[in-house]
Amino acid sequence: MVFITMSRAIGFSLREIGEWLPAYRNHRLTLAQLDEIMVQRIADIDARLAELARQRQAVVDHRAWIRQQQQRQARPAKPSGSKPWPRTSNRRTKGTP
């Protein structure tokens, strides 16, 4: 029972445990084999962590793009191809009614 509990705690599937259990119970699963299984498990976890890191960065990048779009939408729209309206003064220039 300890073998199953320990194996589940470190993320092995029931299928994987089922493959090893007969050899474990019959003392045919050597320490060298267990060590190799652990090395492979570490490699699998590292690969999953790397994939999660890539996914996380993609989400961060998408969020930055979304926030950029929100900021653009929040700005007053400018007519395309035109400059912003110039400031005008209340004074009239000579020759204008």
- Query: When you count, for each residue, the other Cβ atoms within 10 Å and take the mean per peptide, how do 37-45, 67-75 rank with the highest first?
  - Reply: 37-45, 67-75
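Quick check on packing: order 20-29, 49-58 by the mean number of other C-beta atoms within 10 Å, highest mean leading.
Numbers: 20-29: 12.1, 49-58: 10.0.
Ranked from most to least packed, the peptides come out as 20-29, 49-58.
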- Query: Fully extended, how many nm does the chain gain between Met38 and Ala53 (0.36 nm per residue separation, minus their Cα-Cα distance)?
  - Reply: 3.2 nm
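Computed FRET efficiency, Cβ-Cβ of Asp46 and Ile4, R0 30 Å: what is it to the nearest 0.05? Before the final figure, lay out each step's value.
Numbers: r = 24 Å, r/R0 = 0.81.
The calculated FRET efficiency here is 0.80.
Any read-out appearing in this document is the output of simple, stated calculations on the displayed coordinates, not a laboratory observation. These numbers were taken from a predicted model, which means no experiment stands behind them. Because the Cβ atoms are built from the backbone with ideal geometry, glycine has one as well, and the counts that use them run over all protein chains shown.
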